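Quick notes on the structure that follows.
No value in this document is a laboratory result; all are computed from the given coordinates. Computed from a predicted structure; not experimentally measured. FYI the Cβ positions are ideal-geometry reconstructions off the backbone, even for glycines, and counts take in every protein chain you see.
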Amino acid sequence: MDEQFPDSGPIMGGNTPEFSVSEISGAIRRTLEGTFGRIRVRGEITEFKRYPSGHLYFSLKDEGGKLSSVVWRGTVSRLGLKPENGLEVIATGKISAYGERSSYQMVIDRLEYAGEGALLARIERLRLRLAAEGLFDAGRKRALPFLPRVIGVVTSAQGAVLHDIRTTIARRFPLPVLVWPVPVQGEGAAERIAHAIAGFDAVDGRGSVPRPDVLIVARGGGSLEDLMAFNDEVVLRAVAACRIPLISAVGHETDTTLIDFVSDCRAPTPTAAAEMAVPVRMELEAGLTQREARLRSGLARSLQLARARLDRAAASLPDLPAVVEGARRRLDDRSYRLDLALPTHMRHLRASLRSASDRLPAPQMILALRRADLARVDTACQQAMTAYINRREATLGGQRVPPAVLVSQLRACASRLAGEGGRLASLSPQAVLERGYVLVTDRKGKPLSQAAQARRAAQVVLTFADGKVAARPLPSGEAAQQILDL
């Protein structure tokens with residue numbers, strides 16, 4: 001394409017035209033922009049810089065050259081991916097010259113990954129690095145709650161994904177759903193998704209916003225480039241750091257992203273994620289009804305068995321009224337027999353006493369025998385006294401002791417004997433008994449000095465001045481005792 005240069009006026013100094021620097025720079029710029037127009041360039045991003053103004057500057061290079069490039073601030077959000085060094089892309093834009101520096105550059109308004117091979121290689125490198133760190137280990141995955149109270153959803157506010165999740169939850173088990181709307185593709189989508197996950201995890205539940213018990217990160221299907229936000233490292237690390245059990249539901253059943261490896265559970269579709277998050281209420285109610293019926297049936301069987309055992313035990317027991325009636329009859333019979341036996345026993349005791357008294361000798365005979373014994377003792381004493389006197393006379397050389405002296409000695413001995421006998425009589429228990437006191441002993445002769453000892457004894461012996469009698473203590477509170485002669 002020919003470029004018409006402005007008329008430079010008369011040529012001085014030869015046939016070579018003379019131009020200003022601005023004219024040459026403007027001509028070059030118009031030539032470049034008019035020749036190439038809108039182009040697509042494939043290359044690897046290098047020398048990437050983000051300026052405070054928001055503009056992006058980098059270079060596209062291949063084996064043979066390098067092309068300076070710029071992305072204006074207003075175009076960054078529409079790029080389609082996040083540029084970074086080493087990324088092979090296809091850039092769409094136009095060529096423009098920068099006359100002040102005598103350079104040209106490509107003004108880019110769209111970036112695309114340079115084929116699936118480059119994307120997959122980048123994803124694989126990130127996967128190996130995160131796997132080496134242990135982010136994919138099964139031991140760190142948490143189990144989903146059986147029945148969550150609140151469900152958090154991170155997805156786009158537009159589209160059918162959110163509608164499918166809400167519809168499924170409402171159909172299976174209506175529960176509160178908290179939605180954090182985020183873009184699911186394009187520039188800044190990964191950061192927004194990571195921020196939403198971290199935001200849900202930071203909710204403590206003490207305020208007006210409840211803390212979710214399970215999170216669902218979802219989006220619909222798309223190309224590999226559309227799903228790249230869920231292969232971004234910032235999203236994967238946010239999922240790994242989240243303390244709430246998380247379900248990933250990105251793309252269709254055949255789509256696989258790295259978030260599926262980091263999340264606690266992977267669902268093939270957003271609808272399946274909602275089904276995994278909540279059970280079916282009707283099935284739970286049916287299960288509870290069935291368990292209630294089984295419990296009632298088991299309880300009824302247990303009661304029936306217990307009632308049968310009770311009936312068998314009752315049948316083996318004797319007839320209580322009959323037992324009581326028999327005992328009452330035996331009591332009446334023994335009472336009647338006791339009433340008859342007591343007088344008979346008393347008559348038998350009186351007959352035995354009479355028979356024993358009949359066998360005893362008469363008192364006159366006993367006194368006569370005692371007098372005869374005393375006479376014999378007196379005769380023996382007289383003889384002993386005569387013999388003693390004779391021995392004393394012999395000891396005194398045949399001198400006869402006057403009878404008065406002997407009588408005096410005998411009286412003195414008798415006086416001493418009487419005094420000693422009096423003292424013995426004053427200390428004798430028999431003297432105490434003669435004054436009206438009674439000595440109480442048990443059957444073995446052990447004295448009983450307290451009433452409690454006497455009540456515990458089966459039989460006591462009462463010793464009077466003229467004899468002994470046996471007695472049986474009566475219960476406390478009664479004033480009489482039954483006395484039995486020994």
Q | On Cα atoms only, tilt of 21-36 relative to the major axis of the chain in degrees | A | 70 degrees
Q: Treating each Cα of segment 338-393 as an identical point scatterer and ignoring solvent, apply the Debye formula and state log10 I(q)/I(0) at q = 0.23, 0.26, 0.28 Å⁻¹.
A: -0.88, -0.95, -0.99
Q: Report the net charge of residues surrounding residue 155, where surrounding means a beta-carbon distance below 12 angstrom and charges are Lys +1, Arg +1, Asp -1, Glu -1.
A: +2
Q: Estimate the FRET efficiency between residue 18 and residue 94 by the formula 1/(1 + (r/R0)^6), using the beta-carbon distance for r and 22 Å for R0, to the nearest 0.05.
A: 0.10
**Q.** Descending principal axes extents, the chain, alpha-carbon based, whole Å
**A.** 218, 77, 38
Q. Which value in nm describes the separation of the simple spin-label points at residue 224 and residue 462, placed 7 Å from the Cα toward the beta carbon?
A. 12.6 nm
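Full-extension gain between residue 349 and residue 78, please, as 0.36 nm times their residue separation minus the C-alpha to C-alpha distance.
Length gained between residue 349 and residue 78: 84.1 nm.
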Q: Measure off 7 Å from each Cα along the Cα-to-Cβ vector at residue 209 and residue 57, then give the distance between these two points in nanometres to one decimal.
A: 3.9 nm
Q) Residue separation times 0.36 nm, minus the C-alpha to C-alpha distance between residue 441 and residue 48: what's the value? A) 129.0 nm
Q. What percent of all Cα-Cα pairs in segment 21-113 falls in each 10 Å bin, counting up from 0?
A. 17, 49, 29, 5
